[in-house]
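The values are calculated or read from the model by the stated rules, or taken from the named source; none is laboratory data. Since the model is a prediction, treat every value here as computed from it, not as a measurement. Counting neighbours? That spans all protein chains shown, and the Cβs are built from the backbone with ideal geometry, glycine included. Heads up: the accessible areas ignore ligands, DNA and RNA and are worked out on the full protein's heavy atoms, side chains in. Shrake-Rupley method; radii C 1.70, N 1.55, O 1.52, S 1.80 Å.
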Amino acid sequence: MHDLDDYRWWQKGTIYQIYPRSFQDSNGDGIGDLGGVLQRLDYLEWLGVDALWLSPIFSSPMADFGYDISDYRAIDPRFGTMEDLDRLLDAVHARGMKLILDLVPNHTSDQHPWFREARASRDSPKRDWYLWEDPAPGGDPPNNWLSVFGGSAWEYDEATGQYYYHAFLAAQPDLNWRNPDVRTAMFDVMRFWLDKGADGFRVDVMWHLLKDERLRHNPPNPDYRPGQPEHARLVPAYSEDQYEVHTIVEQMRAVTDAYDDRVLIGEVYLPLGRLVAYYGPEGRGAHLPFNFQLILLPWEARRLDAAVNAYEGALPSNGWPNWVLSNHDKPRVASRVGPAQARVAAMLLLTLRGTPILYYGDELGMENVAIPPDRVQDPREMKEPGIGVGRDPFRTPMPWDEGPNAGFSEGIPWLPLGADYKSRNVSAQQSDPDSMLTLYRRLIALRKDEPALAVGDFVPVPAEGDVLAYDRVHGGRRLLIALNLGRQPQQMNYAGLSGRILLSTHCDREGDSAHATLRLRADEGVIVAVR
Ligand code: NOJ
C-alpha cells in the first residue's frame, strides 16, 4: 500500500475546468476574464478543488473562441494582461492550488504571423509549417477529408493556387507536425508557460496532430445516419490518430518532465484501446488522456459498469485513470441525465478511481440553456445549423447570485443566462444543506478525508438492474459505493455487509447503519463505510 504522499497532486486532487468567457466578468464588457477568475478564488477554495484548467486565454480573433490562437505567448486583451495572469498564478499557488493552461498545438489562427507568412508565397520559409497541397485534377480538393465542423477540410488559396488543410474552421489551419521547426516552436511555447509557473497543459485534439503522409482518402462510415454531422460520413482513418503521433506526445511529455511536478493532459476522443495508447510506451505519453466515457455512454447502470471495468482493465499498469461528466464541447450532465440523476453522477465522478475533472457550473446542476437564434455565437452551430451540434447552450455564464446578470457581469453577458438563475446560483446553494453545491462540496471534502476515495483500489461489486456498485479500498478501510441509476427504489444484496452510511445523494441518511440488504431510494446513491 502506498501512502497518500506517494501520489501527485493531479492524481489525488479534483480538477475544475473554467471556461473563462463565462466564469466572471470583472470589467463590464459581458465577457469573463482573468480578473474575474481572481475574484472567485475564494469560492473555488471553499468548494475544495485542487487545480484549475483554463480554456484558452491567448491572443485570438475568437473565430472559435480562443481555440484559434494568433499569439501563443500573449494574453488576449478581452481576458486581461500578462500581469493579470501572473497575479492569478501567484494567487492560485498561494492557496496551494494549481493552474493548468490550454495548449492548442494542432492548428493556429489564420491570423497567426506564421500562417500569414506561409500564405504569402509558395516559396515562403514558413510554407511547410502548414499542410499545403496542389488541387486534384479538375481543381478539386486534394482528397475527401472532412472538417469536424462540416464541409471539406481543404480551403483553396486563390493567390498561391494551393489548398491548405484545416480539421476545424478554415480560420484554423493545421500545422505540419512533421516539420521539426514546428515542433521546436511549439515546445518553446510550452517552456515559456512552464517557466512562468503554469502547472501543466490540457492539450487540444492531441489525436489530430499527425495525418497520413500520403493523404489517402478516408473510407465511408457504414454507420452514418442522415441528420448526423457531415464529418461522421467518413471514418477518419487517415486524418486522425496516426500511430506516429505517439512520438510527438512523448516529446511533449519530455518537455513537461523537465520541470518539477507538472501535468500533461490530452484531449483524445477515441475507443478505449486506442485511447489508452496515449499513456505512451512505459508511461512516457500523456499523464491523463481524457476519458470521456461518462459523457458518451447511455446513462444505464449495466453499460457504465461494463465501461468502468473495461477501462480499469485496459489501463496500463502505470496509467492513472480520470473521469469527466461535461465540458465546453458536450451537453451539460444535468441535461443529459436529468436533475435527480445529476446528483448520482456527482457521486460517481467523485468516487471512481482516478482524477475527477469537473466542468464549471455542474456543481450547481446547471443545465443547457436554450439560445435564441439571434444570440447564437458558436461557429459550430453556424456551420451546421439546427442539428444540435451548437455548444453555446453549455457555455452560458456562471450564476453567482440573484442580482442583475446573476453577478456575472455589469454589462450584457455574451450568452444568455439560464432562466432559473434566481434560484440556481452559488449564493442560494451555498446556504442550502440539500443543494447540489453542498453535495459536491461534501463529496470533494470526503475525497480529501478518505484516502480510499482519493487513491484506493477499485473493486467491482456485483449488482443488478439499475444499481451500480463498487468498493474503494485503502489499507484497512473499505468504502462501498452503491448508486441507483433508476427511477424506482432498489434493493441490493451485499453478503455480510455491516456498515454506516457516510453520505447519501439525498443528504439525509448520514450515520444510518447499512446491512446485507441495502435499500436505495429512486435516484439515490450512498457511500457506506464498511466495518
Ligand atoms: C477541441 C476544443 O475543445 C473545441 O472547443 C475546439 O473547437 C476544437 N478542439 C478545435 O480547437
**Report entry** Surface accessible to a 1.4 Å probe, Leu275 within the full protein complex, Å²
**Finding:** 10 Å²
Requested in this report: Write down Rg/Rh for region 176-252, rounded to two decimals, with Rg from the C-alpha atoms and Rh from the Kirkwood relation over Cα pairs.
Outcome: 1.10
Requested in this report: Using a 1.4 Å probe and ignoring any ligands, DNA or RNA, find the accessible area of Lys196 and quote it in Å² to the nearest 10.
Outcome: 70 Å²
Query raised in the report: Taking the alpha-carbon centroid of each part, what is the distance from region 231-284 to region 184-226 in angstrom?
Result: 8 Å
**Report entry** Amide H contacts under 5 Å for Lys98, placed H, 5+ residues apart
**Finding:** Ala51, Leu52
Report task. Tell me the trypsin sites (Lys or Arg not before Pro) within region 210-276 that lie in a loop according to DSSP and have at most 12 other beta-carbon atoms within 10 Å. Result -> Arg214
Query - Rounded tilt (10° steps) of 436-449 against the dominant C-alpha axis of the chain - result: 80 degrees
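Could you order Asp374, Asp33 so the one with the most accessible surface comes first? Probe is 1.4 Å. Please list the in-between numbers first.
On the way: Asp374 135, Asp33 5 Å².
Solvent-accessible surface, decreasing: Asp374, Asp33.
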Query raised in the report: Counting only Cα, what are the radius of gyration and maximum Cα-Cα distance Dmax of region 239-305, in Å?
Result: 13.8, 43
Query raised in the report: Can you pull the percent of the chain's accessible area that's carbon plus sulfur, 1.4 Å probe, other chains left in place?
Result: 49 percent
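In square nanometres and to one decimal, what's the mean projected area of the convex hull around the Cα atoms of region 113-166?
For region 113-166, averaging the hull's shadow over all directions gives 3.9 nm².
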Report task. As a check on your grasp of the helix formula, calculate [θ] at 222 nm for the chain: sum -39500 (n - 2.57) over DSSP H runs of n ≥ 4, divide by the residue count, round to the nearest 500. Result -> -7000 deg cm²/dmol
Requested in this report: Using only alpha carbon pairs under 8 Å that are at least six residues apart, calculate the relative contact order of the chain and give it in whole percent.
Outcome: 13 percent
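Any of Lys12/Lys98; Lys196/Lys330; Lys383/Lys422; Lys126/Lys330 with alpha carbons more than 24 Å apart? Name them for me.
Values: Lys12/Lys98 13 Å; Lys196/Lys330 31 Å; Lys383/Lys422 33 Å; Lys126/Lys330 35 Å.
Cα-Cα > 24 Å for Lys196/Lys330; Lys383/Lys422; Lys126/Lys330; rest within.
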Query raised in the report: For the pair Asp128 and Ala370, how long in nm is the line joining their label points, each one 7 Å along Cα→Cβ?
Result: 5.5 nm
Query raised in the report: At what distance in angstrom do the alpha carbon centres of region 83-131 and region 484-515 lie from each other?
Result: 49 Å
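Using a probe radius of 1.4 Å on heavy atoms only, what accessible surface per residue do you get for region 27-186? Whole Å² is fine. Could the numbers behind the result be given before it?
Details: 5540 Å² over 160 residues.
Here the per-residue accessible area is 35 Å².
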Query raised in the report: With every protein chain left in place, what is the accessible area per residue of region 424-531 in square angstrom, probe 1.4 Å?
Result: 41 Å²
Query raised in the report: Once phi is turned into ³J(HN,Hα) by the Karplus curve 6.51 cos²θ - 1.76 cosθ + 1.60 with θ = phi - 60°, what whole-Hz value does each residue of region 492-509 show in order, with x for glycine and proline?
Result: 10, 9, 10, 3, x, 5, 9, x, 9, 6, 8, 7, 10, 4, 7, 6, 9, 10
Query raised in the report: For Leu297 and Thr81, what is the calculated FRET efficiency with R₀ set at 35 Å and r taken between the beta-carbons, to the nearest 0.05?
Result: 0.25
**Report entry** Under-5 Å amide H pairs with Thr355, H placed in peptide plane, nonlocal only
**Finding:** Asn322, Trp323
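Compute the signed sum of charges (Lys and Arg +1, Asp and Glu -1) over the other residues within less than 13 Å, Cβ to Cβ, of Leu297. Before the final figure, lay out the partial values.
Values: positive: Arg302, Arg303, Lys330, Arg336; negative: Glu300, Asp305.
Net local charge, Leu297 excluded: +2.
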Report summary line: Sequence order, region 90-103: Karplus ³J(HN,Hα) from phi using 6.51 cos²θ - 1.76 cosθ + 1.60, θ = phi - 60°, Hz rounded, Gly and Pro as x, gives 4, 5, 5, 5, 4, 8, x, 9, 10, 10, 10, 9, 9, 9
Query - Cα-centred dipole magnitude for region 454-526, charges only on beta-carbon of K, R (+1) and D, E (-1), debye, nearest 20 - result: 140 debye
Report summary line: Applied in sequence order to region 129-136, the curve 6.51 cos²θ - 1.76 cosθ + 1.60 (Karplus, θ = phi - 60°) yields integer Hz couplings, x standing for Gly and Pro, of 6, 10, 9, 9, 9, 5, x, 5
Report task. Could you work out the mean projected area of the convex hull around the alpha carbons of the chain, in square nanometres to one decimal? Result -> 24.4 nm²
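Sort Glu524, Glu213, Glu300 by accessible area with a 1.4 Å probe, largest first.
Details: Glu524 0, Glu213 135, Glu300 95 Å².
From most exposed to least exposed: Glu213, Glu300, Glu524.
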Report summary line: Given backbone amide H placed at 1.01 Å from N, residues whose amide H is under 5 Å from that of Ala74, ignoring those fewer than 5 places away on the same chain, are Ser59
Query - 0 to 90° range, to nearest 10: angle between helix 339-351 axis and the chain longest Cα axis - result: 90 degrees
**Report entry** Radius, Kirkwood style, for region 394-504 when every pair of distinct Cα atoms is counted (Å)
**Finding:** 17.1 Å
Query raised in the report: Under the Kirkwood approximation applied to all pairs of distinct alpha-carbon atoms, what is the hydrodynamic radius of region 248-376 in Å?
Result: 15.9 Å
Report summary line: With Cα coordinates, the longest principal axis of the chain makes an angle with the long axis of helix 180-196, in degrees rounded to 10, of 40 degrees
Query raised in the report: Could you state the principal axis extents of the C-alpha atoms in region 39-180, from the largest down, to the nearest angstrom?
Result: 62, 28, 27
